Each structure stands twice: as structure tokens, then as C-alpha cells.
Amino acid sequence: EPEVTQTPSHQVTQMGQEVILRCVPISNHLYFYWYRQILGQKVEFLVSFYNNEISEKSEIFDDQFSVERPDGSNFTLKIRSTKLEDSAMYFCASKNRGATEAFFGQGTRLTVV
Amino acid sequence: AQSVAQPEDQVNVAEGNPLTVKCTYSVSGNPYLFWYVQYPNRGLQFLLKYITGDNLVKGSYGFEAEFNKSQTSFHLKKPSALVSDSALYFCAVRDIGGQGGKLIFGQGTELSVKP
């Protein structure tokens with residue numbers, strides 16, 4: 001069964017460093033998302049991406065964040081200068097055109113120290 | 001603004017007993033509602049959805065959910081719980097105001113099924 005895959009599963013980074021979280025969405029999907037879950041809190045929407053551009057972003061998704069689909073398969077989230085409060089589980093998701101449900105990856109746990 | 005509430009942080013059930021995980025929503029218009037499950041150290045897995053039609057929807061692993069428009073609820077149910085059902089359950093509603101189909105999640109309910 002096709003699935004969304006995310007790498008790495010866990011990343012530790014120093015405050016102020018740049019990180020790139022990688023996702024391979026399901027191959028024929030057209031809508032891509034990033035969500036995050038701070039430990040003990042709810043899953044929060046960050047950004048949606050369609051047709052090679054951001055279709056919506058939340059207040060969390062400020063200038064420190066960017067997304068890219070550099071080739072036909074990968075979808076990346078970059079945090080330019082990490083802060084301690086960026087520590088969270090980051091989930092990638094994808095959805096096909098006409099579908100209602102999104103499918104999520106297993107997540108990348110980002111720890112900023 | 002659209003929102004989802006899961007009033008219980010934790011639900012404890014004995015194996016073999018029925019379980020209910022509660023969810024209420026607040027949306028303008030007709031809601032698209034979802035349940036996802038998160039097992040330890042795993043991602044979010046889609047369980048079931050309500051879009052339209054029959055108020056009782058069936059999903060994976062024997063779960064079902066009942067849409068109740070008058071009570072604005074979408075409770076998750078299972079007739080007979082298994083220990084392996086122990087996980088974190090999230091209710092979500094699709095945001096109809098945005099352009100990207102984002103999901104708005106509840107805060108999650110930890111289900112613990114004891115033998």
C-alpha cells in the first residue's frame with residue numbers, strides 16, 4: 001500500500017541552525033501539507049501546497065519557514081534559524097485531487113537544543 | 001471559526017467492553033469530519049470519515065462513528081475494545097474556508113484498553 005515517507009525520523013539541531021525535513025508524498029497525490037505537534041498539544045496546520053505554490057499557511061508559518069518541491073517526488077520543509085520552541089513532531093501529508101482524506105507520514109521529531 | 005473539541009483527555013476501557021471517544025465540532029455549513037489514530041512513535045493513520053449520507057460510518061479496525069447534526073457530534077465507537085486499540089485518537093474537521101483543504105484537529109484523546 002502506498003504511503004507517505006518522512007526522513008529523518010529524529011533530528012537534533014542546535015538553536016540557530018537551519019534544518020530541512022524531507023517528505024516523499026504518495027506518488028499521484030497533488031496536495032501536500034505540513035503539520036506540527038508540540039509535545040502534549042494538538043496537531044497544528046502549518047502550510048498547504050498545490051500546483052507548485054503555497055495555497056494556504058498558518059500564523060505559525062512565518063518567514064523562518066519555507067517549503068519546496070524540488071523534483072517530482074520530494075516535498076521539503078526548511079526552518080531557516082531554529083528556535084527552542086520549534087521542537088515538535090512534524091508531519092507531512094498528501095491528498096489526491098477529488099479525495100477528502102489526507103494520508104500522513106510517520107513524522108520527524110525535531111529537537112532544538 | 002471552525003473548531004473541534006474532544007472533551008476527554010483519556011478514556012479507560014476494559015478489553016471486550018464497548019468504547020466511545022467523544023468529539024464535538026463547530027462549523028458553518030456542512031462538515032467534513034474525520035478520525036485519525038496515532039500509535040506510539042507512529043504517524044497519524046486515517047480511520048474513517050463523514051462527508052454526507054448515512055449518519056453511521058464504518059472504518060478501519062472495526063471502528064465506526066455516528067454523525068449527529070443536532071448535537072454537532074461525531075463520536076467514535078467500537079462494540080468490543082481490544083488492548084491493541086490503545087492509542088491516541090484525533091478528531092478533525094476539514095476547513096471549508098481555506099483553499100488547501102487543511103484539517104483542524106481536536107486535542108486528542110488517549111484511549112487505554114486494559115486486559
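Of the strands (runs of 3 or more DSSP E) lying entirely inside the stretch B:11-78, those containing at least 1 residues that are β-branched (Val, Ile, Thr) and without any contact (Cβ under 8 Å) to a residue 40 or more places away in the chain are B:56-58. Within the set A:ARG80, A:ARG22, A:ARG36, the sole residue that is within 10 Å of the chain's Cα centre (by Cα), open to solvent by 70 Å² or more (accessible area, probe 1.4 Å), on the phi < 0 side of the Ramachandran plot and not hydroxyl-bearing (Ser, Thr, Tyr) turns out to be A:ARG22.
Looking at this structure, is A:TYR31 closer than 22 Å to B:PHE46 by Cα, without any contact (Cβ under 8 Å) to a residue 40 or more places away in the chain and not basic (Lys, Arg)? Considered against the rule, which asks whether it is closer than 22 Å to B:PHE46 by Cα, without any contact (Cβ under 8 Å) to a residue 40 or more places away in the chain and not basic (Lys, Arg), A:TYR31 comes out as no. Output the residues belonging to the stretch A:83-103 that are more than 15 Å from the chain's Cα centre (by Cα) and within 15 Å of A:VAL4 (Cα to Cα). Within the stretch A:83-103, A:ASN96, A:GLU101 meet the criteria.
Would you point out which residue out of A:LEU39, A:LEU21 is aliphatic (A, V, I, L, M) and part of a strand (DSSP E or B)? Just a single option satisfies the conditions, and that option is A:LEU21.
Taking the stretch A:40-68 only, how many residues are open to solvent by 30 Å² or more (accessible area, probe 1.4 Å) and in contact with a strand residue (DSSP E or B) (Cβ under 7 Å, 6 or more places away or on another chain)? Residues that pass the stated criteria total 11.
Against the numbered list (1) under 28 Å from A:SER48 (Cβ atoms); (2) in contact with a strand residue (DSSP E or B) (Cβ under 6 Å, 6 or more places away or on another chain); (3) aliphatic (A, V, I, L, M); (4) not in a strand (DSSP E or B), B:ALA81 comes up short only at (1).
The values are calculated or read from the model by the stated rules, or taken from the named source; none is laboratory data. Note that the structure is predicted; figures quoted are calculated from it, not measured. Because the Cβ atoms are built from the backbone with ideal geometry, glycine has one as well, and the counts that use them run over all protein chains shown. Side chains included, ligands, DNA and RNA excluded: accessible areas come from the protein's heavy atoms. Shrake-Rupley method; radii C 1.70, N 1.55, O 1.52, S 1.80 Å.
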